[in-house]
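Below is one structure, written out as structure tokens; the observations come after it.
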Amino acid sequence: MEGRGRSYRYVGPAELRALVRPGNEGRRIRTAADFDDWASASARTPAEPAEPFTFVVDTSGVLRLAPRRSEHVVCAGGGPVLSAGEIGFRRESGRWVVREVSNQSTGYCPDPGSWPAVADALDAAGIAHPRGFTHEVVFRRCPACRELNIVREEDFVCVFCDGALPREWNVDGAAA
């Protein structure tokens, strides 16, 4: 994984990890044709491609997609990821492009610095994208009370105990 950036372990509830089943992970998207096939599959409703999808970038750098209400840990097959969040697409000039993308995943809590892994996976698949997350979420674990926080407006203060939150990502306590 060297050169691909940090990987993130699942840090969410055990009951969601228990939903992971072999063969039930998100669809690997290696090409624009893979996405087109997946998005237009007969199992998809007409409105579904208009909604954001659950995504992860697995540790081999491949984008995996699942329907929006899927759990990130299931999409990842229970393993570590290089990034995770929600992603929306639109058709533009006959091809798929990313409309919106965030790192919003409370199961993995990836740092905004995980963007290069997302960009690389989208580039490899030939899918145009913005220069970064269109909505960034900053996750930190409070060193004092151990609660998970979403930092808003650069206010690095725990909403549970008013303790100071670190500037550096610290959610799982150990790099995976």
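Details
- Residue in segment 79-89 that is out of contact with any helix residue (DSSP H, G or I) (no Cβ under 7 Å at 6 or more places or on another chain) and over 30 Å from ALA18 (Cβ atoms) present: no
- Residue among GLY132, GLY126, GLY85 that alone is within 24 Å of SER60 (Cβ to Cβ), open to solvent by less than 10 Å² (accessible area, probe 1.4 Å) and not hydroxyl-bearing (Ser, Thr, Tyr): GLY85
- Of residues in segment 89-126 being assigned to a strand (DSSP E or B) and within 22 Å of GLY12 (Cβ to Cβ), the one farthest from the chain's Cα centre (by Cα): VAL101
- Of all the criteria given as (1) aliphatic (A, V, I, L, M); (2) in a strand (DSSP E or B); (3) within 22 Å of GLY79 (Cβ to Cβ); (4) open to solvent by 30 Å² or more (accessible area, probe 1.4 Å), the one not satisfied by ILE150 is (3).
- Scanning segment 72-88 for residues that are of a type in the set (A, V, I, L, M, F, W, C) and not in a strand (DSSP E or B) yields VAL73, VAL74, CYS75, ALA76.
- Scanning segment 150-159 turns up at least one residue that is of a type outside the set (S, T, N, Q) and under 17 Å from the mean Cα position of the chain (by Cα).
- From the list ARG91, ARG140, the lone residue that is free of Cβ contacts under 8 Å to residues at least 24 places away in the same chain and either open to solvent by less than 30 Å² (accessible area, probe 1.4 Å) or not β-branched (Val, Ile, Thr) (or both) is ARG91.
The values are calculated or read from the model by the stated rules, or taken from the named source; none is laboratory data. Not measured: the values here are computed from a predicted model. Positions of Cβ are generated from backbone atoms using ideal geometry, with glycine treated the same way; all protein chains shown enter the neighbour counts. When the accessible area is computed, the model is the full protein with side chains, heavy atoms only, and any ligands, DNA or RNA have been set aside. Shrake-Rupley method; radii C 1.70, N 1.55, O 1.52, S 1.80 Å.
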